[in-house]
Amino acid sequence: MSQIPQIKRCERCYIIISDASRADWYSHIRIKYCDECREIVRREKAAARVKQLRERKRENEKLTKAKIKNLELENEILRKKLEIMWDAGRA
């Protein structure tokens, strides 16, 4: 079983951010970044999340456009068949 280090460092800039002997144990094991890096990481994660959202929306839009195109084609075929049936019924 691995032990939690007594001194914790920021995962980005490696400065000391917590000492187990001076901090609350749960806040010591939870903390990962210093205050400056925490904001940077939060922004990076938000940017990545927004990028993924935009990609998903773009893919959904492509699928929707393809479905609409197929439905328009099917509608046109059905109209032609209906015209043929009407013309056959008139004759």
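The values are calculated or read from the model by the stated rules, or taken from the named source; none is laboratory data. In this text, all values refer to a predicted model and were calculated from it rather than measured experimentally. Positions of Cβ are backbone-derived with ideal geometry, glycine not excepted, and every protein chain shown enters the neighbour counts. The area values use the complete protein model at the heavy-atom level, side chains included, leaving out ligands, DNA and RNA. Shrake-Rupley method; radii C 1.70, N 1.55, O 1.52, S 1.80 Å.
Of all the criteria given as (1) more than 32 Å from the chain's Cα centre (by Cα); (2) at pLDDT 90 or above; (3) aromatic (Phe, Trp, Tyr), the one not satisfied by TYR14 is (1). Give the residue that is least open to solvent (accessible area, probe 1.4 Å), with candidates limited to residues of the range 23-44 that are assigned to a loop (DSSP other than H, G, I, E, B) and within 14 Å of ARG9 (Cβ to Cβ). So, considering only residues that are assigned to a loop (DSSP other than H, G, I, E, B) and within 14 Å of ARG9 (Cβ to Cβ), the one least open to solvent (accessible area, probe 1.4 Å) is CYS34. Taking first residues from the range 35-51 that are at negative phi and partners that are open to solvent by less than 100 Å² (accessible area, probe 1.4 Å) and not hydroxyl-bearing (Ser, Thr, Tyr), the Cβ contacts under 8 Å between residues at least 6 apart in sequence or on separate chains come to GLU36/CYS13; CYS37/CYS10; CYS37/CYS13.
Just one of (1) modelled with pLDDT under 95; (2) among the hydroxyl-bearing types (Ser, Thr, Tyr); (3) surrounded by 10 or more Cβ atoms within 10 Å (Cβ to Cβ); (4) in a helix (DSSP H, G or I) fails for THR64. It is (1).
Against the criterion of being free of Cβ contacts under 8 Å to residues at least 24 places away in the same chain, open to solvent by 100 Å² or more (accessible area, probe 1.4 Å) and not aromatic (Phe, Trp, Tyr), ARG12 does not qualify.
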